[in-house]
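Here the structure is laid out as structure tokens; the discussion comes afterwards.
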Amino acid sequence: MLTTILGGFAIALAAGLLTGLFGVGGGFLVTPLLNVVLGLPMPIAVGTGVMNILGVSTAGLYWRRKSNLADYKLAIMLFGGNATGVYFGSRTLESLKARGTLNLNGTPVVAADFYTLLILLVLLVAIFVWMFLETRRPARPSVRIGLFSHIKIPPYANFRSLESPRLSIPVLAYFGLAAGYLTGLLGVGGGIILLPALVYLVGMRTHRAIVTSLLMIWLTSFVAAITHSYRGNSDLLVLMTLLVGGSIGFQVGMTISRKLDGTKLRRYFCYVVLGVALMVLGRLISAFF
């Protein structure tokens, strides 16, 4: 039990640091570490992870409540798709649980663990490559325009937080659906997707994207926590440990974040993504092959 408490505290400390720094819920770090370090089955790791995300993101929003950087209109508009995606993602996870074990090279492997870790690895590698290439391109014009602004599918909505404010509502809805699905399936809170997506696809400045992603993470993780609690995917002892460590780490991360510019934040974030991807890859190789 002591090992579980200390391990959970260390994991939460790192996740809280990331939440304060980058506005992500830390689920992309917490979920695989709960499986790799503490040995929790992936469905339990996913459920416990999203409950921790809810607690840490609540603290994050409270401490950033006076920043006036969050785009509430965008977050609320995406919430419907997020909630629907969480439902379908959790249903997919339950389907994987029902598949039992796979036989890979003569080794029995839990199907839910294998598929969720494999999907997470592909996702992390793709995001790292995307962000790594972007941070090494020559400086861009001062006006930031996201890729979504070039997709012309009516109806549209205007967002005052953006420098190219007119965006397609259907495009945003499907984006919210995809982020929610990943939360329900992988317990990643969507932040690993939301932060780079808000910067490069929506067109937000980095610090504004951090706070807005935190708000969206809170909304999505609220639904995910209820869903996974109902399905019994949680470990309350680990959760309490995570919440304590996460609160401490968040304070440290938020202090550091205020001293860094947007380019450095994005660069450091992509290295964190790479580190987690390598950890997941190691888990797949050592445990499954």
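The values are calculated or read from the model by the stated rules, or taken from the named source; none is laboratory data. From a predicted model like this one, the values you see are computed outputs, not experimental measurements. Cβ: placed from backbone, ideal geometry, glycine included. Neighbour counts: every protein chain shown.
Quick look at the numbers
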quantity: The lone exception for Phe22 - which of (1) out of contact with any strand residue (DSSP E or B) (no Cβ under 9 Å at 6 or more places or on another chain); (2) at pLDDT 80 or above it fails; calculated: (2)
quantity: Selected residue (criterion: surrounded by the most Cβ atoms within 10 Å (Cβ to Cβ)) from residues of region 82-108 that are outside any loop (DSSP other than H, G, I, E, B) and over 26 Å from the mean Cα position of the chain (by Cα); calculated: Leu102
quantity: Candidates Ala45, Ala59, Ala75, Ala70, filtered to the one that is surrounded by 24 or more Cβ atoms within 10 Å (Cβ to Cβ) and out of contact with any His (no Cβ under 6 Å at 6 or more places or on another chain); calculated: Ala45
quantity: Tally, over region 158-187, of residues that are touching a residue at least 60 places away in the same chain (Cβ under 8 Å) and touching a strand residue (DSSP E or B) at 6+ places or on another chain (Cβ under 6 Å); calculated: 1
quantity: Output for region 162-173, where each listed residue is under 17 Å from Pro196 (Cβ atoms) and either in a helix (DSSP H, G or I) or in contact with a Lys or Arg (Cβ under 7 Å, 6 or more places away or on another chain) (or both); calculated: Val171, Leu172
quantity: Cβ pairs under 8 Å, 6+ apart, first in region 225-252 and within 15 Å of Ile11 (Cα to Cα), second part of a loop (DSSP other than H, G, I, E, B) and not aliphatic (A, V, I, L, M); calculated: Gly246/Gly26
quantity: Complete set of residues in region 180-209 that are assigned to a helix (DSSP H, G or I), hydrophobic (A, V, I, L, M, F, W, C) and modelled with pLDDT under 80; calculated: Leu186, Ile192, Ile193, Leu194, Leu195
quantity: Residue in region 229-248 that is among the aromatic types (Phe, Trp, Tyr) and crowded, with 18+ Cβ neighbours inside 10 Å present; calculated: no
quantity: Subset of region 38-66 (residues that are assigned to a loop (DSSP other than H, G, I, E, B) and not hydrophobic (A, V, I, L, M, F, W, C)); calculated: Gly39, Pro41, Arg64, Arg65, Lys66
quantity: Residue list for region 191-210, filter: of a type in the set (A, V, I, L, M, F, W, C) and more than 11 Å from the chain's Cα centre (by Cα); calculated: Ala197, Leu198, Val199, Leu201, Val202, Met204, Ala209, Ile210
quantity: Those residues of region 239-262 which are more than 19 Å from the chain's Cα centre (by Cα) and more than 22 Å from Arg64 (Cα to Cα), in sequence order; calculated: Met240, Thr241
quantity: Selection within region 253-267 - assigned to a helix (DSSP H, G or I) and either surrounded by 15 or more Cβ atoms within 10 Å (Cβ to Cβ) or free of Cβ contacts under 8 Å to residues at least 60 places away in the same chain (or both); calculated: Gly253, Met254, Ser257, Gly262, Lys264, Leu265, Arg266, Arg267
quantity: Region 198-218 residues that are touching a residue at least 12 places away in the same chain (Cβ under 8 Å) and surrounded by fewer than 24 Cβ atoms within 10 Å (Cβ to Cβ), paired with ones that are in a helix (DSSP H, G or I) and acidic (Asp, Glu) (beta carbon under 8 Å, 6 or more apart); calculated: Tyr200/Glu134
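Listed here are the residues, each with its yes/no results for (1) in contact with a strand residue (DSSP E or B) (Cβ under 6 Å, 6 or more places away or on another chain); (2) closer than 25 Å to Ala277 by Cβ; (3) assigned to a helix (DSSP H, G or I).
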residue	(1), (2), (3)
Asn68	no, no, no
Leu74	no, no, yes
Leu124	no, yes, yes
Val129	no, yes, yes
Phe132	no, yes, yes
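Here is a yes/no grid of residues against (1) more than 27 Å from Ile285 (Cα to Cα); (2) in contact (Cβ under 8 Å) with a residue 40 or more places away in the chain; (3) in contact with a Pro (Cβ under 6 Å, 6 or more places away or on another chain):
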residue: Leu78; (1), (2), (3): yes, yes, no
residue: Phe88; (1), (2), (3): yes, yes, no
residue: Ala112; (1), (2), (3): no, yes, yes
residue: Leu120; (1), (2), (3): no, yes, no
residue: Glu134; (1), (2), (3): yes, yes, no
